[in-house]
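Below: the structure, in C-alpha cells.
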Amino acid sequence: MGDNHSLRFFINCLDQRSLPRILQICSGVYFQGSIYELSGSEVCLSTGDLVKVIGLELLSVSCEEIDSGASFELPTGYSGHFSLVAEDLPYNTIEEIVGLCPVGVDACGSFSFVCQNELTIDNFTLPAGRRLTLLSVEVDRNGERLARCQVLGHNMASAEILLPLHLKGEFYECQSAQGYSLQEIMSSSRLSCRRFCSTTETNRGSSLVFSPVYEISAIMHMRKNIVKFPSSLEVDVQDVTEQYKDLVFITPFSITEVASQPAESFPTVAEILDGPEGNQFFNCSWFQELQKGKQLLLHACGKTKMTLASTPKGRKGKQYFFISEQYGGRMRRRAREFESVYELYLAWSQSPGLKVSVTRHCEAVEEEGIPALSVGEQLEVLEMVQMEKSGAAQKVECLICKRTTEVADDEDDEDEDDEEDEDSEEISLPLFMTGHFVEKLSDNKKYKLTDLMSISLPLDVKVVTRDKDLEKDPLMGLAALKLEESFTESTVLTSLPHKPDWCFELPVRWLQMTLCFTSDHLPPEYQDRHVETVTEVTEKFYYEYHKLERKSEEPPPRPPKRKPSTSEAKKSSKSKSKSKSTSSVTKQLDGLSLGQATCKRAPAPPPPPPEDTLSQPPPLLPRKSSSVAESISAQNTYVKSPMVAHISARTLSDSDHDYEFMEETLNPPHESWFY
C-alpha cells in the first residue's frame, strides 16, 4: 500500500504505461455525499471510494507565476514559446548534468553550462569560465561513459572534447535562448518540472511553473458508467492496486447498450442496478418485475416488427397494445366508418377499389357542387380529379364515384339490365363535403396478423381466435380493434429466473434501465419457449409515440371561395352608400333632443325662495310664445306637494338628457283643482 498523495501530484508523476491503477479516496474537502457536475457528468467522491484509473487525457496546462503567486490556465494548443530559466544551484559532476538534462541526448545543443574552476583531462587543461554545450553521451572501448561537449574558444572557434561522467567540478547552467512549445514541455518529464519564461518581450516577466491538468477516465466501484473528472481536484489518494488487484469492478450497461452487445454475449444473467422508475408507458405484468436488485435472464436481442393497435372508447376507456408479428391469433376484418369525403380519399389512396354505402341522407347544395345522397346508395371510388365549379374562385378537388342504387326484387328480369344502366351513374364529391359512409366488405376470411400487414393500414378487425401460446390473450373478447400502423423496434428477449420459459420482449427505446452482467449460473435449458406477443401500453405512450413519429399530413380542404355575382356586387355597393349616408345623418342628430331639433336646450328652473317668503303669493310669470316644448308651463316649486317635489327633482336630474317625459307636461287632476 502506497503513501497518501494529492491527486494532482500522483497523476503528474504517474507513468501512463502502468495503467490501470486502483486508487482509494483518503481525505480532502470532498466529504461523503459531495456531488460535482463537471463537463456535464456528475461525480461523487466519498472517503473510502475505490477508483480505477483507466486513461488520461491532457485537458489544459496550469501556469503559476513564482513571484506573484497568480495562476491561470492555457489551452493545450497554445502557439507561444517559452525558454528555460537557468538554475542557480551548481552541478557537482558531469553525470548530474547528464541525468538532469531537460531533453534527450539526441537534441544537440540544447543544454549549455560553464565550469568555475580549471579542468584537467589527461594532458589538456580547460580554463575556467569556458562555455560547454552537451552534444551526446558515448561509451569508449573500456566501457567508460563519456560526455561529448562543444567548447567555444576565442573568435568563436569551436572544438569538441570528451569529458568523463565522473569528472568533478563546480558547474552552472547557462541561460539558453531556445524556445519550447507547450506540447514539448508537457511531453517531457524533465522539462515539465523546470521553470520557464516567455520568449516574447511584451510578456517577459517572472518565472513560470507549468503543471498539466489531465482529464481522468475512471471506473468507480458500484457506479453506473465511466466517469471523467480533472486531476486538479484537491483530494488525497492512495495507490491500492496490489491490495485490490482481484477486485472486479462492475461495468454497468444501459438497456440500449445491452441491445448492442454481440450475439455471443447471450444468454446471460443480469442484475437491475436502476429500474425504470416513473415510467408510465406500460400496463402489463412483466413491467412490475423490473425493480432494482432483481435478476433477469437475457436470451437474445434483435429487431421485432410490431403493430400499434387501439380499441374504441368504452366503459373502461380506450386501450392500446403492442402486437408482435409472432402473434398467433386469427382476426376478421370489420367495416370502417367514414365521416367525410376526405376520409374516403385517404382510405382509397391506401387501398384502391374502395366501396362504401351511404348511411345518412345528404341534401344537395348547388352553389357548393354537393350532390344529394340517400341511405343505401352504393359508392365505388374511381379517381380523384380537380374540377371547376360554377361560382367558385378556384378549382375544387373531387372524388369521382360510381353510384349504384339497389334494384327492387319484384321487378322483371327482362328489364334488369335497363334498370342497372339507369341506377348506375358517376358523381363527383368535393373533398370538403361531410357525410356518413360505411365500408362494404366482400370477404369473411380469418386472417393472421402477418397477412394483414400486406394490406394498407389502418384496419378495423375483431379477434375471433385467441393465441394458444398465451396464458391469457388480452385481445380476445374485445368488440373491435383498430390496427393503426406497423413499425420495427429493437428488443431484448427476457424472462424471469423463476419462469425461464415464459419470455417477453423489452422495447429498448421506451425503457431507461441500467443493468450489469453477473457470473451466476444459467438455469437448465428448456425445449418450449413461450413469448408474450401482446403488450398493453398506456395512453401516455400512445401520444408520446405519435409525437416522435408525427408525419406532416395536410389538413382537410376547405370549401372554395365563391365569385360574387353582378347583382350581389350592385347590392353591396348600394348598401355601402346607404350606410355612409345613414351614418352622416346619425352624426348630425346625435346632439339634438326629441322636442327641439335645432333650438338650444331649455334652462333649468330657478331654485325655490327662502322660507320667509313662502307666505307671500307667487309672482306672475310672463307668457312665452315659442315652440311646443317651451309653451308648457313650469311647475310651481313654491307649493310643498310631495308629487310636485318629486316631479321637480326628476326634472332636475333629467336635465342632462335629450328627451322629455309626457307625464311631466300634464298636471295631475288634484293639482289643477287645487289651483
Among the residues of region 274-302, the number that are of a type in the set (A, V, I, L, M) and either under 27 Å from the mean Cα position of the chain (by Cα) or outside the structural domain of Leu496 (by TED's automatic domain parsing) (or both) is 1
Residue count, region 162-201, condition closer than 20 Å to Leu58 by Cβ and part of a loop (DSSP other than H, G, I, E, B), comes to 7
Output for Cβ contacts, cut-off 9 Å, separation at least six or different chains, first residue modelled with pLDDT of 80 or more in region 184-201, second among the polar types (S, T, N, Q) and part of a loop (DSSP other than H, G, I, E, B), reads Ile185/Ser192; Met186/Thr76; Met186/Ser192; Arg195/Ser207; Phe196/Ser207; Cys197/Asn203; Cys197/Ser206; Cys197/Ser207
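Rundown of residues vs (1) at pLDDT 90 or above; (2) outside the structural domain of Phe281 (by TED's automatic domain parsing), yes/no style:
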{"site": "Gly477", "(1), (2)": "no, no"}
{"site": "Ser490", "(1), (2)": "yes, no"}
{"site": "Leu493", "(1), (2)": "yes, no"}
{"site": "Cys503", "(1), (2)": "yes, no"}
{"site": "Arg509", "(1), (2)": "yes, no"}
{"site": "Tyr526", "(1), (2)": "no, no"}
{"site": "Val531", "(1), (2)": "yes, no"}
{"site": "Thr538", "(1), (2)": "yes, no"}
{"site": "Ser567", "(1), (2)": "no, yes"}
Phe338 meets each of (1) farther than 26 Å from Thr404 by Cβ; (2) buried (at least 18 other Cβ atoms within 10 Å of the Cβ) with one exception, condition (1)
Restricting attention to region 79-90, the residues that are within 48 Å of the chain's Cα centre (by Cα) and surrounded by 12 or more Cβ atoms within 10 Å (Cβ to Cβ) number exactly 3
Scanning region 52-72 for residues that are loosely packed, with under 12 Cβ neighbours inside 10 Å and of a type in the set (Asp, Glu) gives Glu57, Asp67
Given the conditions (1) out of contact with any Lys or Arg (no Cβ under 8 Å at 6 or more places or on another chain); (2) within 24 Å of Phe196 (Cβ to Cβ); (3) surrounded by fewer than 14 Cβ atoms within 10 Å (Cβ to Cβ); (4) modelled with pLDDT of 80 or more, every one holds for Ile97 apart from (3)
How many residues of region 266-296 are under 28 Å from Asp473 (Cβ atoms), touching a Gly at 6+ places or on another chain (Cβ under 7 Å) and surrounded by 18 or more Cβ atoms within 10 Å (Cβ to Cβ)? The answer is 1
If we keep only residues of region 359-375 that are under 28 Å from Gln394 (Cα atoms) and among the aliphatic types (A, V, I, L, M), then the residue surrounded by the most Cβ atoms within 10 Å (Cβ to Cβ) is Leu373
Look at Leu515 and say whether it is in contact with a Pro (Cβ under 8 Å, 6 or more places away or on another chain), in contact (Cβ under 8 Å) with a residue 60 or more places away in the chain and assigned by TED's automatic domain parsing to the domain that holds Ser324. yes
When every residue in region 163-187 that is closer than 23 Å to Gln116 by Cα and touching a Pro at 6+ places or on another chain (Cβ under 7 Å) is compared, the one surrounded by the most Cβ atoms within 10 Å (Cβ to Cβ) is Phe171
query = Out of all the residues in region 303-322, is one or more within 25 Å of Phe517 (Cβ to Cβ) and either assigned by TED's automatic domain parsing to the domain that holds Thr488 or touching a strand residue (DSSP E or B) at 6+ places or on another chain (Cβ under 8 Å) (or both)?
reply = yes
- Task: Might you let me know whether region 142-152 holds any residue that is without any contact (Cβ under 8 Å) to a residue 12 or more places away in the chain and outside the structural domain of Leu58 (by TED's automatic domain parsing)?
- Result: yes
Quick count over region 59-78, residues being at pLDDT below 85 and either among the polar types (S, T, N, Q) or under 42 Å from the mean Cα position of the chain (by Cα) (or both), is 4
Of all strands (runs of 3 or more DSSP E) fully inside region 232-340, the set with 1 or more residues that are touching a Pro at 6+ places or on another chain (Cβ under 9 Å) and of a type in the set (A, V, I, L, M, F, W, C) is 268-274, 295-310, 320-324
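The values are calculated or read from the model by the stated rules, or taken from the named source; none is laboratory data. Keep in mind it's a predicted model, so treat the numbers as computed, not measured. Note that each Cβ is placed from the backbone with ideal geometry, even for glycine, and that neighbours are counted across all protein chains shown.
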